[in-house]
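In what follows, a single structure is set out as structure tokens and then discussed.
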Amino acid sequence: MTSPSPIPSDIAFSPAVKAIQTLKGSRAGYRRMEESGGWRHVITPDLAAFVAAQTSVFLATASANGQPYIQHRGGPAGFLRVLDAQTIAFADFKGNRQYITLGNLSENPAAYIFMIDYANRRRIKMWGTARVVEDDPALLEALSVEGYKGVPEQALIFTLKAWDMNCPQHIPQRFEAADVAAALEARDQRIAELEAQLARFQNAQTDGPAQT
């Protein structure tokens, strides 16, 4: 007898979690979600586009005894690379050299990526495993971002097991400084164009047709 296919959300919905969902009254709804397909375990085109646009990501790992750690990683849009339907990679740039993430992954490959888009009030949760790749210049070159001054020390490869998109509830709407600057520049340019048009109209009205 074959065992049932694993449900992607089971990576997060452990028996203890399901018990509390039952107690709190949400298990029936999540069971229907699971039966209708549930969370996805491959990177869709929409998710790949979301990943490529990110400039900031949070990576969670844990030590062998379960002590969690969350590390922020950032870079220009495109520093996160989708390698295939279940793999994301990025160059791990030199930081404060504590190496907590690297130490955790050396004894516990479980990892979690959290991405949030404040402007559009979307957040993506991704469960999987991660590994560090060192002494691979070709891979680091492929993951490099042209013009970025960060110094890559090694590459980090994340293998996806499940992902979910949260609802926008309680996400504050914030905008990147560069996006705000671009919007203000476009507004100022449009105002200048309208002022120039108004000035030409007023001059034409003042000059008027020649009187005979």
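The values are calculated or read from the model by the stated rules, or taken from the named source; none is laboratory data. Worth saying up front: this structure is predicted, and the values here are computed from it rather than measured. We place every Cβ from the backbone using ideal geometry, glycine too, and count neighbours over all the protein chains shown. Just the protein is used for accessible areas: all its heavy atoms, side chains included, with ligands, DNA and RNA removed. Shrake-Rupley method; radii C 1.70, N 1.55, O 1.52, S 1.80 Å.
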Worksheet item: Which value, in Å², gives the accessible area per residue of segment 127-212 when a 1.4 Å probe is used on the protein heavy atoms?
Response: 76 Å²
Worksheet item: So what is the accessible area of segment 15-73 per residue, in Å², with the probe set to 1.4 Å?
Response: 62 Å²
Worksheet item: For the chain, which longest stretch is free of loop sites, where a loop site is one of the trypsin sites (Lys or Arg not before Pro) that DSSP puts outside H, G, I, E and B and that has at most 15 other Cβ atoms within 10 Å?
Response: 1-93
Worksheet item: Once the whole set of protein chains is in place, how much accessible area is left on Leu184, using a 1.4 Å probe, in Å² to the nearest 10?
Response: 80 Å²
Fill in: DSSP loop GluC sites (Glu not before Pro) with at most 11 other Cβ within 10 Å: longest gap in the chain
1-133
Response to the item:
Given backbone amide H placed at 1.01 Å from N, residues whose amide H is under 5 Å from that of Lys161, ignoring those fewer than 5 places away on the same chain, are Trp127, Gly128, Thr129
Worksheet item: Remind me, relative contact order of the chain in percent, using alpha carbon pairs under 8 angstrom and six or more residues apart?
Response: 20 percent
Worksheet item: Net charge near Arg174, counting Lys/Arg +1 and Asp/Glu -1 over other residues with Cβ under 15 Å of its Cβ?
Response: 0
Item to complete: First measure r as the distance between the Cβ atoms of Asp46 and Gln154, then evaluate 1/(1 + (r/R0)^6) with R0 = 22 Å and state the FRET efficiency to the nearest 0.05.
Response: 0.15
Item to complete: Report the full-extension gain for the segment Tyr30 to Val133: residue separation times 0.36 nm, less the Cα-Cα distance, to one decimal in nm.
Response: 33.4 nm
Worksheet item: Under a 1.4 angstrom probe, counting protein chains only, how are Thr22, Thr159 ranked by accessible area, largest first?
Response: Thr22, Thr159
Worksheet, complete the sentence: Normalised per residue, the volume inside the convex hull of the alpha-carbon atoms of the chain in Å³ amounts to 244 Å³
Discussion item. Within segment 55-125, what whole-number % of the accessible surface is contributed by carbon and sulfur, with the 1.4 Å probe and all protein chains included in the calculation?
Written reply: 51 percent
Fill in: Square roots of five times the Cα gyration tensor eigenvalues for segment 1-90, Å
29, 19, 14
Practice prompt. Mind giving me the nanometre distance, one decimal, between the label points for Ala183 and Ala196, set 7 Å out from Cα along Cα→Cβ?
Written response: 2.5 nm
Discussion item. Can you compute the helix-only [θ] at 222 nm over the chain? Use -39500 (n - 2.57) per DSSP H run of at least 4 residues, normalise by all residues, nearest 500 deg cm²/dmol.
Written reply: -11000 deg cm²/dmol
Item to complete: Pull out a ≥ b ≥ c, the square roots of the eigenvalues of the alpha-carbon gyration tensor of segment 104-171, then state rounded if a/c is under 1.5, prolate if not and a/b is larger than b/c, and oblate in the remaining case.
Response: oblate
